[in-house]
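Structure, as C-alpha cells:
The values are calculated or read from the model by the stated rules, or taken from the named source; none is laboratory data. What you see is a predicted model, and the numbers here were worked out from it, not measured in a lab. No Cβ is skipped: glycine too gets one built from the backbone with ideal geometry, and neighbour counts run over all protein chains shown. Each accessible area value is taken on the protein alone, full model and side chains, heavy atoms only, with ligands, DNA and RNA left out. Shrake-Rupley method; radii C 1.70, N 1.55, O 1.52, S 1.80 Å.
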Amino acid sequence: MRLLTRAVQCAVSQRESSRRHFWGWLNAVFNKVDYERIQTVGPDRAAAEWLLRCGAKVRFQGLDRWQHDYNALPTGPLGSFKIQGIDATESCIMYRGFDHLDGLQHLEEIKLNRCIYIEDTCLERLSTIENLQQSLLRMEVVSCGNVTDKGLIALHKLTNLERLFLSDLPGIRDRKTTVSRLQTALPKLDISLDLSD
C-alpha cells in the first residue's frame with residue numbers, strides 16, 4: 001500500500017511540474033516581441049496588445065477607463081491612442097516582453113502588483129528606457145517576490161518619478177539603505193512603504 005501511495009504522489013508531482021512548465025512556456029510565448037508588428041501598428045498599439053494578452057490593463061491618454069478586453073481595443077488612425085497607464089496586477093508580463101515599452105512616450109503610471117515574473121532585471125530594464133525616464137511619474141511594486149534591493153535601487157534613473165509605493169517585498173533585505181539611496185538620487189520622490197525590516 002505504501003508503494004502505491006508513493007507512486008501516486010510521484011505521478012501527481014510530475015503532472016504539477018508539467019503543468020507549471022506548460023504555463024511558463026505559454027507565458028513566454030505571450031511575451032515574445034514582434035518588432036514587425038510594432039512597426040506596422042505603432043508602439044502604443046503593439047504594447048497594448050502585449051499587455052492585454054498577458055492579463056494586464058491599459059489606460060489611454062484622454063480616456064478615464066482602464067482597457068482590459070483585447071478584442072475591444074480602440075481603433076483609429078495609426079498613433080491616435082497613447083498609453084498613459086499600465087496596471088499589470090496579476091499579469092504574466094516578464095522581462096522578455098519589455099522591448100514593447102521602448103516606444104511609449106506618454107506613460108505616466110505603472111502598477112506591478114502580484115506579478116510573479118517581475119524581477120530585478122525587469123526594473124533595471126524599465127529604468128533604462130529613455131522615454132520612461134522622462135514620462136513616468138507614479139509607480140507601484142507590490143507582492144513581487146523576486147524583487148530585491150538591487151532592482152529598487154535601479155529605479156533612481158527614472159528622474160521624473162514623483163510617487164513610489166512599495167509593499168510586501170520579501171526580497172528587500174536593507175530597507176533603510178535602499179530607501180535612502182533612492183531619496184538621495186531623487187529628492188522630490190515621495191516613497192510610501194509597507195515593508196518589514
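Residue check, GLY79 against (1) closer than 20 Å to MET139 by Cα; (2) touching a Gly at 6+ places or on another chain (Cβ under 7 Å), all met but one. Which one?
(1)
Take region 32-59 and flag every residue that is outside any helix (DSSP H, G or I), farther than 15 Å from ALA88 by Cβ and out of contact with any helix residue (DSSP H, G or I) (no Cβ under 8 Å at 6 or more places or on another chain).
GLY42
For region 101-117, give me the residue count where each residue is open to solvent by 10 Å² or more (accessible area, probe 1.4 Å) and either touching a residue at least 60 places away in the same chain (Cβ under 8 Å) or in a loop (DSSP other than H, G, I, E, B) (or both).
The total comes to 8.
Failed condition for GLU124, given (1) in a helix (DSSP H, G or I); (2) among the charged types (D, E, K, R); (3) more than 15 Å from PHE98 (Cβ to Cβ); (4) open to solvent by less than 60 Å² (accessible area, probe 1.4 Å), with all others met?
Unmet condition: (3).
Name every residue in region 164-188 that is out of contact with any His (no Cβ under 9 Å at 6 or more places or on another chain) and among the hydrophobic types (A, V, I, L, M, F, W, C), in order of residue number.
Passing the criteria: LEU164, PHE165, LEU166, LEU169, ILE172, VAL179.
With respect to ILE83, determine if the residue is more than 27 Å from PRO187 (Cβ to Cβ) and touching a His at 6+ places or on another chain (Cβ under 7 Å).
yes
Go through the residues of region 131-142 one by one and say whether even a single one is open to solvent by less than 60 Å² (accessible area, probe 1.4 Å) and within 22 Å of VAL29 (Cβ to Cβ).
There is no residue in region 131-142 that is open to solvent by less than 60 Å² (accessible area, probe 1.4 Å) and within 22 Å of VAL29 (Cβ to Cβ).
Quick one: PRO170 ticks every box in (1) more than 18 Å from the chain's Cα centre (by Cα); (2) open to solvent by 60 Å² or more (accessible area, probe 1.4 Å) except a single one, so which number is it?
Of the numbered conditions (1) more than 18 Å from the chain's Cα centre (by Cα); (2) open to solvent by 60 Å² or more (accessible area, probe 1.4 Å), the odd one out for PRO170 is (1).
Assess whether LYS188 counts as being surrounded by fewer than 20 Cβ atoms within 10 Å (Cβ to Cβ), free of Cβ contacts under 8 Å to residues at least 24 places away in the same chain, more than 19 Å from ILE93 (Cα to Cα) and more than 18 Å from the chain's Cα centre (by Cα).
no
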